[in-house]
1. Share of region 17-61's accessible area from carbon and sulfur, percent, 1.4 Å?
2. For the chain, what is the accessible area per residue in Å², given a 1.4 Å probe and the full set of protein chains?
3. Which Rg and Dmax, in Å, describe the Cα atoms of the chain?
4. Report, in debye and to the nearest 20, how large the dipole of the chain comes out about its Cα centre when Lys and Arg carry +1 and Asp and Glu carry -1 on their Cβ.
5. What is the distance, in nm, between label points placed 7 Å from the Cα along the Cα-to-Cβ direction at residue 11 and at residue 27?
6. For helix 23-64, what angle does its Cα long axis make with the longest principal axis of the chain, in degrees from 0 to 90 and rounded to 10?
7. Rounded to the nearest 10 degrees, what's the angle between the helix 6-18 long axis and the longest principal axis of the chain, both from Cα atoms, 0 to 90?
Amino acid sequence: MFTLSSRSLMTLVTAFVHDERGDDLIEYALLAGLMGLVGVLAFNAVSGKMSNAYTAWNANAQSQWVPDAPVSTP
């Protein structure tokens, strides 16, 4: 069984904190997460307006539709 002493654990933590490999990946992941959050918030803000516009358009289109008179067959 592998056990860590407090000194070796502190050495690992210090090495992890000072290691700069992978910083770009973390920055891109944070940026992608921020962009996704902004997208969700923007969609929530716009979705009600889109729904109202579509409902108004649909009501207008339905009110202007006049069906043809039925044609009798001989």
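1. Numbers: 2770 of 4040 Å².
Taking all protein chains in place, region 17-61 shows 69 percent carbon and sulfur surface.
2. 99 Å²
3. Gyration radius and largest Cα-Cα distance of the chain: 31.0, 100 Å.
4. I would put it at about 240 debye.
5. Here the modelled spin labels are 3.1 nm apart.
6. Tilt relative to the chain: about 10 degrees.
7. 50 degrees
The values are calculated or read from the model by the stated rules, or taken from the named source; none is laboratory data. As the structure is a computational prediction, the values presented were derived from the model and not from experiment. A quick note on method: Cβ atoms are made from the backbone with ideal geometry, for glycine too, and the neighbour counts reach across all protein chains shown. Please note that ligands, DNA and RNA were not included when accessible areas were found on the heavy atoms of the full protein model with its side chains. Shrake-Rupley method; radii C 1.70, N 1.55, O 1.52, S 1.80 Å.
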